[in-house]
Each structure stands twice: as C-alpha cells, then as structure tokens.
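One structure is given below, encoded as structure tokens.
The values are calculated or read from the model by the stated rules, or taken from the named source; none is laboratory data. Source: prediction; values computed, not measured. Just the protein is used for accessible areas: all its heavy atoms, side chains included, with ligands, DNA and RNA removed. Shrake-Rupley method; radii C 1.70, N 1.55, O 1.52, S 1.80 Å.
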Amino acid sequence: MGPRAAAAAFALGAVALLLLLPPTAAAAVGVNWGTMMSHPIHPAAVVGMLRANGVDRVKLFDADPWTVAALAGSGLQAILAAPNDQLASLARDPRRARDWVRHNVTANLNAGVDVRYVAVGNEPFLKSYNGSFINITFPALKNMQRALDEAGFGQRIKVVVPLNADIYSSPENKPVPSAGSFRKDINALMVDIVNFLHENDAPFVVNIYPFLSLYQNPNFPLNFSFFDGATKPVYDQGMVYTNVFDANFDTLVWSLRKAGVPDMRIIVGEVGWPTDGDKNANIKYAQKFYSGFLNKMAKNVGTPLRPGHMEVYLFALIDENQKSVLPGRFERHWGLFTYDGKPKFSMDISGNGKGNDLAEVKGVQYLPSQWCVFNKDAKDKYKDLPASVNYACSNADCTPLGYGSSCNGLSHDGNISYAFNIYFQTMDQDVRACSFGGLAKITTANASQGGCLFPVQILSVSGRVVPLIFLPIPLVLLVSVLTLL
C-alpha cells in the first residue's frame with residue numbers, strides 16, 4: 001500500500017474509532033495541544049486517544065482547520081486562539097476580528113465544535129518580547145469581544161488572554177504571596193485588562209511552571225517544586241505554603257485583589273514538567289510532579305487562598321520538535337506523549353486519581369526500520385565532521401545530546417550517529433539525507449544505545465509534513481556536541 005492509500009485508510013479508521021468510542025466521564029483536567037512538529041499525527045487519531053483517556057477539554061494555540069475539524073462532534077470543549085502574529089491586525093481593524101469570528105467560531109460551531117473560549121495571543125507580555133505586544137493586546141482583546149457580541153456569542157464564549165506568571169511577582173525582600181502585585185511596567189494595563197475581563201464574566205488564564213522556578217534558580221529547593229511537602233514551608237498571614245505552585249497561584253490572587261477584582265475566576269492555562277533537555281527534565285521528576293499535581297486536582301483542595309475546584313490544562317500533549325529552544329532545550333520535551341503518540345509514563349490524565357495507564361494513539365505507522373550512522377571507514381572522516389554535525393543539528397532536533405539530557409552519555413561516535421540519524425529521520429529517510437560527503441551510512445541495526453533512543457520517524461499520514469526551517473543551532477548545544485568530536 002502506498003503512502004497516499006495508507007493515509008486514506010488510516011484517516012477512515014481513525015474516524016471510525018472516534019465514532020465507536022464510548023463517552024467517558026467528565027475530566028477535571030484538560031490538555032494543551034500544540035502542533036509544532038515536523039511530522040504531526042492525524043488529528044482524528046489524537047482526538048480518539050484523548051477521549052479514550054477521559055479528557056473532555058483541549059486548549060489550542062491557533063484555529064488550524066485541520067486540527068479543529070477533528071473536534072467536531074467529539075464532545076471535547078475547545079479553546080481556540082489567535083496567535084501573537086495576528087494581534088496587530090486584530091487591534092488595528094475591527095473587521096479583522098469579525099472575519100476571525102466568522103471563519104473560526106461561527107463556522108466551527110455550525111460544524112459541531114464545542115468552542116468555549118477564544119484566546120487572544122499567548123503570553124504576549126513576556127519580558128523576553130521586550131514590549132512588542134504591550135500596545136496592541138488590549139485593543140485586539142476588545143475588538144474580539146465586540147465581534148463575539150455582534151455574532152451573538154458573547155454570553156456563551158469568553159475571550160481570554162493566556163499570560164505567563166512573569167507578569168506578577170513579590171519583592172525579593174518579601175517573597176510571600178501577599179506582597180505580590182503586577183509588574184510595574186504593565187500594572188496600569190493589567191488593571192484595565194482584568195477589569196474588562198471581569199466585566200465580561202471572563203476568567204484570568206495564567207501559565208504556571210514550577211519547573212522553571214527550579215531551572216532559573218540553582219538555589220531553588222527541589223522539594224518545593226513538588227507536592228509531597230516541603231521541608232521549609234512558606235508562612236504568610238496565617239497561610240502555609242508547601243509547594244511553589246500554590247504560592248505562585250496565590251500571588252496572582254493577591255495581585256488581582258490589588259487590581260480591584262478579588263473574586264475573579266482563574267484558569268491555569270499551562271502547567272507541566274518536561275522530560276528531557278535539562279538535568280531536572282526527566283521521566284522520574286515529571287512522573288513525580290504529575291502524580292502529586294493530579295492527586296491534588298482529584299481532591300479539589302485548591303490553594304490556601306482559593307480552596308476548591310480548579311480548572312487546569314496540562315502542558316503539553318505531544319512532544320514538538322520544531323519549538324524554539326531559546327528558553328531552553330527542554331522546550332521540545334513537554335509532551336505527555338512521545339512524537340509517535342506513546343505515553344511516556346503511567347498517569348491518570350483525567351484527574352480522577354485512579355492511576356490508570358494512558359491509552360496511546362492508535363494506528364500510527366512508521367517509516368522502515370533503518371538508521372543513519374557515522375561511517376567509521378570513511379576516508380578523511382574528521383575533515384568535514386564538525387560542519388556536518390552542525391548542519392544536521394541545525395535542521396533537526398539534537399536537544400537530547402545536551403548536558404544533563406537523555407543522550408548526554410553517548411560516546412564520540414554515538415554523538416555523531418545521533419545527529420546524522422535524527423536529520424535522516426526528519427527528512428523522511430531520504431537517502432540523500434544520509435550522505436554527509438561519505439561520512440554516514442544507512443544500517444538496519446537499531447542504533448539506540450542504553451537509555452538513548454535513536455528514533456525511527458512516523459509516516460505523516462496527512463501528507464502534511466511540515467517543511468523544515470533552518471534554525472541556527474544554539475551555541476551551548478553545539479559546543480556540548482562538538483567537544484566530543
């Protein structure tokens with residue numbers, strides 16, 4: 001069967017599976033579904049997997065028709081999004097917002113997609129953006145709200161702005177939640193935004209990452225990142241904090257109080273733990289984090305200032321090998337599932353505290369079982385080696401080779417083979433992608449070593465393999481690889 005026939009057969013099978021799956025109990029926890037990977041899995045198969053795992057809500061980072069169409073009739077609630085690169089046009093012209101609502105909300109509602117929220121941008125006030133979106137986010141938000149109101153959806157669908165937790169903080173000399181407030185540079189703007197959202201009965205969406213607290217501060221206490229009780233709790237006005245998630249969340253609660261909206265509803269738009277790309281990003285810590293977090297969610301204990309039920313979205317569903325690694329190599333490894341839709345560890349994703357194994361994505365097909373490795377018999381094999389490895393890692397994902405990562409312990413030749421193979425797989429095993437001037441060769445012997453997986457790429461069943469974008473390899477990663485050459 002050729003790739004096109006296989007793709008058609010798989011798509012029909014996936015849709016059939018989706019229709020036959022019994023409805024599951026409502027989930028307490030949703031997931032973020034990003035699609036920044038070179039070989040996406042068919043959305044219908046992903047939706048089938050979500051339903052099999054008891055998930056009933058997803059948060060998207062755009063409104064891509066291919067992905068959203070798979071949600072029609074699925075019973076999954078959806079957060080659709082207008083990405084940051086659309087904020088300027090949405091802010092400048094209300095007609096753009098009306099067009100966006102017509103194409104992405106009205107049309108999808110008519111098709112059977114349960115749209116609950118529209119996200120305007122994603123973390124637009126990050127410090128690393130240097131204020132690029134500060135003057136356009138609120139106008140875009142207001143235009144989108146007006147467009148939803150005009151379309152008759154304003155009471156049913158709420159507009160939100162997912163924001164990173166770096167928009168609020170407590171001073172260094174008083175690091176407790178009650179001292180928290182919005183950043184000085186955006187405080188007036190945030191007061192306007194949260195009051196506007198509150199007036200329209202929309203929640204505040206915040207992304208909280210305990211892992212980043214650990215990553216950004218080498219002196220941060222490890223056990224304060226998890227939920228099994230810190231050795232040194234934080235005490236604040238009668239409240240006791242034993243983990244950074246609760247402390248961070250309640251810092252936001254205090255910030256909202258000071259902004260005049262003490263009762264504003266909060267949704268945790270992103271929370272998770274990566275499994276590779278850093279010494280603290282691994283399966284052991286990720287499983288520990290999720291076990292404690294989901295147990296907390298299942299008990300509906302909330303936080304000291306906000307006890308009770310919480311709505312949260314885990315970040316993220318599947319590893320994305322084309323995400324930017326500027327924040328860190330771990331950015332491509334947030335997935336609960338590997339690139340081919342297999343769960344990384346046992347976990348009850350529904351939040352019901354039953355400890356079930358996750359169901360994998362069904363029907364995923366792979367390219368042939370072959371690998372591209374370093375040809376040790378090549379003449380002048382070290383002459384062009386650094387340039388070849390650099391090229392491979394600039395066009396494919398070599399983040400597992402970085403310090404503290406899963407493949408950091410490879411030998412000199414193993415590093416080279418990993419780089420060559422990941423490029424070969426990313427290029428759909430094109431024989432021309434395993435040449436490197438004679439430095440590489442194709443083998444049918446599994447090249448994986450120890451705990452380092454040399455993957456075999458999946459068949460992108462949609463025929464929509466995402467074209468590669470040349471991205472210069474981060475210097476720190478390049479150095480860690482080339483030092484062994």
For region 269-343, the Cα-Cα pair-distance distribution in 10 Å bins from 0, as whole percents, is 19, 46, 26, 9, 0
For the table Lys59/Lys344; Lys232/Lys288; Lys299/Lys342; Lys232/Lys296, the rows whose alpha-carbon distance is greater than 23 Å are Lys299/Lys342
Given backbone amide H placed at 1.01 Å from N, residues whose amide H is under 5 Å from that of Tyr168, ignoring those fewer than 5 places away on the same chain, are Arg183
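For the chain, which whole-number percentage of the solvent-accessible area (1.4 Å probe, protein heavy atoms only) is attributable to carbon and sulfur atoms?
Numbers: 11080 of 20710 Å².
About 54 percent, which is the carbon plus sulfur part of the accessible surface.
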Taking the square root of 5λ for each eigenvalue of the C-alpha gyration tensor of region 30-337, the equivalent ellipsoid has semi-axes, largest first and in whole angstrom, of 30, 24, 18
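Translational diffusion coefficient, Stokes-Einstein: compute it for region 371-443 using the Kirkwood radius over C-alpha pairs as Rh, at 37 °C and 0.692 mPa s, and state it as an integer in µm² s⁻¹. Before the final figure, lay out each step's value.
Values: Rh = 12.0 Å.
In µm²/s, the coefficient is 273.
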Restricting to lysines and to Cα separations under 30 Å from Lys381, and discarding same-chain partners fewer than 8 apart, the set is Lys441
For the chain, the longest principal axis of the Cα atoms and the Cα long axis of helix 3-20 enclose an angle in degrees, to the nearest 10, of 40 degrees
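Please report the antiparallel percentage of the DSSP beta bridges confined to the chain, to the nearest 5. Don't skip to the answer; put the middle values down first.
Values: 13 of 41 bridges.
So the antiparallel bridges in the chain amount to around 30 percent.
Please state the shape class of region 95-142: rounded when a/c is under 1.5, otherwise prolate if a/b exceeds b/c and oblate if not, all from the C-alpha gyration tensor.
On the way: a/c = 3.95, a/b = 2.19, b/c = 1.80.
Note, shape of region 95-142 comes out prolate.
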In Å², rounded to a whole number, the accessible area per residue of the chain with probe 1.4 Å is 43 Å²
